[in-house]
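Comments concern the structure below.
Only the coordinates and a few stated rules stand behind these numbers; no lab work does. Keep in mind that what you see is a predicted model, and the values were worked out from it rather than measured. Don't worry about glycine lacking a Cβ; one is built from the backbone with ideal geometry, like all the others, and counts go over all protein chains shown.
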Amino acid sequence: MGLNLNDKKVVVEEVSAKVATAQTIVVAEYRGIQVSALTKLRANARSQGVYLRVLKNTLARRAVEGTQFAPLADTMVGPLIYSISDDAVAAAKVISDFSKTNDKLKVMGGNYAGKNLDVAGVNALASIPSREVLIAQLLGVMQAPVSGFARVLAAVAAQKGEGAAPAEAAAEPAAAE
């Protein structure tokens with residue numbers, strides 16, 4: 001059963017709201033994938049904060065119309081699943097990881113920050129570590145000089161402490177006499 005006009009407007013508004021805050025959209029053809037596999041894909045996407053939806057292409061074109069993702073409209077042909085995320089790499093990572101285990105999911109392309117991506121571009125975007133990993137790496141790099149300096153100070157203090165201990169030990173017997 002098809003959607004009536006009001007239902008279509010609601011879908012376009014919902015997708016437009018997601019697109020307005022998104023950084024990345026990845027489009028993949030899902031022809032021939034079993035429902036159980038799509039359910040796993042949706043659960044994985046949901047856990048990573050990715051909006052994943054099967055849409056009519058005309059509704060998707062209307063949703064991206066007038067946004068930075070408008071050039072993606074040329075790619076919207078055939079039965080497609082749309083992966084939309086606020087995180088720059090999450091949408092590409094979810095689709096790319098799933099396509100490695102299920103050869104029926106074919107990445108058609110994507111768009112990141114207004115620039116269209118081909119299949120290789122989507123895979124390259126998916127290979128970038130997630131935001132949390134990048135932040136952890138940055139903090140590790142920023143913390144390294146401070147922790148190194150602290151180790152040097154601790155070593156100097158320990159070295160001075162070893163030199164002071166024999167002098168104090170010699171002073172104690174002299175005080176006892």
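Per-structure values
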quantity: Answer label, with Cα extents along the principal axes in Å calculated from the coordinates and candidates (i) 106, 33, 28; (ii) 65, 62, 33; (iii) 78, 35, 23; calculated: (i)
quantity: Distant-in-sequence amide H partners of Gly109 (H built 1.01 Å from N, under 5 Å); calculated: Val27
quantity: Peptides ranked, highest mean first, by Cβ atoms within 10 Å: ranges 43-50, 150-157, 85-92; calculated: 85-92, 43-50, 150-157
quantity: About the Cα centre, charge dipole magnitude for the chain (Lys/Arg +1, Asp/Glu -1 at Cβ), debye; calculated: 1280
quantity: Spin-label pair Lys160/Glu13, simplified geometry with 7 Å Cα→Cβ offset, distance in nm; calculated: 7.0
quantity: Label zone at Val119, where the point sits 7 Å out along the Cα-to-Cβ direction: the stretch 2-29 residues whose backbone N lies under 17 Å; calculated: 26-29
quantity: Between helix 5-21 and the chain: long-axis angle, C-alpha atoms, 0 to 90°, nearest 10; calculated: 30
quantity: 17 Å cut-off, amide nitrogen to a point 7 angstrom out along Arg131 Cα→Cβ, residues in the stretch 1-28; calculated: 18-26
quantity: Reachable lysines, given that their alpha-carbon falls under 25 Å from the alpha-carbon of Lys106 and they are not under 8 places away in the same chain; calculated: Lys18, Lys40, Lys56, Lys93, Lys115
quantity: Phi-based couplings in Hz for the stretch 142-154 (Karplus 6.51, -1.76, 1.60; Gly and Pro marked x); calculated: 6, 7, 4, x, 5, 5, x, 5, 5, 5, 5, 4, 5
quantity: Proportion of all alpha-carbon pairs of the stretch 92-131 beyond 15 Å (%); calculated: 35
quantity: Dipole axis of the chain (+1 Lys, Arg; -1 Asp, Glu on Cβ), positive-most option in Ala113, Gly32, Ser83; calculated: Gly32
